[in-house]
Amino acid sequence: MTLLITVFAAIISTIVWYFKLHDKKYMLGRLCLMYWGASLMWMVDAIAEYIELKDAFFTPAAADMINDAFLGVCVVALGLIIWLGMLMVKDPGKVLRTVLVKK
């Protein structure tokens with residue numbers, strides 16, 4: 001489930017990046033790379049788990065699937081938080097700068 005969720009996040013972010021390629025100020029490429037990196041990490045983890053468990057890999061317990069899904073959602077959320085933090089530091093629309101200068 002973790003691999004599936006991160007791959008979906010990577011595909012969605014890549015589609016958004018592809019159609020907004022001309023607008024690099026939002027750093028969508030970095031978001032794509034974070035999600036593709038996480039997907040690659042979970043793919044290696046799945047391969048290692050398959051080598052260890054063999055056929056039992058394809059019949060996980062329901063509790064394991066729920067835990068994996070929760071972990072996948074947390075990884076996607078953490079990626080979004082890191083990306084938003086990078087956006088706030090770069091401040092491409094100068095929104096934070098104008099709010100902080102007014103005060």
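Overview of results
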| item | result |
| --- | --- |
| Residue check for G37: under 23 Å from G93 (Cα atoms), of a type outside the set (S, T, N, Q) and open to solvent by less than 60 Å² (accessible area, probe 1.4 Å) | no |
| Unmet criterion (only one of (1) without any contact (Cβ under 8 Å) to a residue 40 or more places away in the chain; (2) open to solvent by 60 Å² or more (accessible area, probe 1.4 Å)) for G85 | (2) |
| Members of the stretch 45-63 that are out of contact with any helix residue (DSSP H, G or I) (no Cβ under 7 Å at 6 or more places or on another chain) and either surrounded by 11 or more Cβ atoms within 10 Å (Cβ to Cβ) or modelled with pLDDT under 90 (or both) | D45, I47, L53, K54, D55, A56, F58, T59, P60 |
| Test: residue in the stretch 13-21 that is outside any helix (DSSP H, G or I) and either without any contact (Cβ under 8 Å) to a residue 24 or more places away in the chain or closer than 21 Å to G85 by Cβ (or both) | yes |
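The values are calculated or read from the model by the stated rules, or taken from the named source; none is laboratory data. Every value quoted in this text rests on a predicted model; they were computed, and no experiment measured them. Glycine also receives a Cβ, built like all others from the backbone with ideal geometry; neighbour counts cover every protein chain displayed. Ligands, DNA and RNA are stripped out before the accessible areas are found, and what is left, the full protein with its side chains, is counted by its heavy atoms. Shrake-Rupley method; radii C 1.70, N 1.55, O 1.52, S 1.80 Å.
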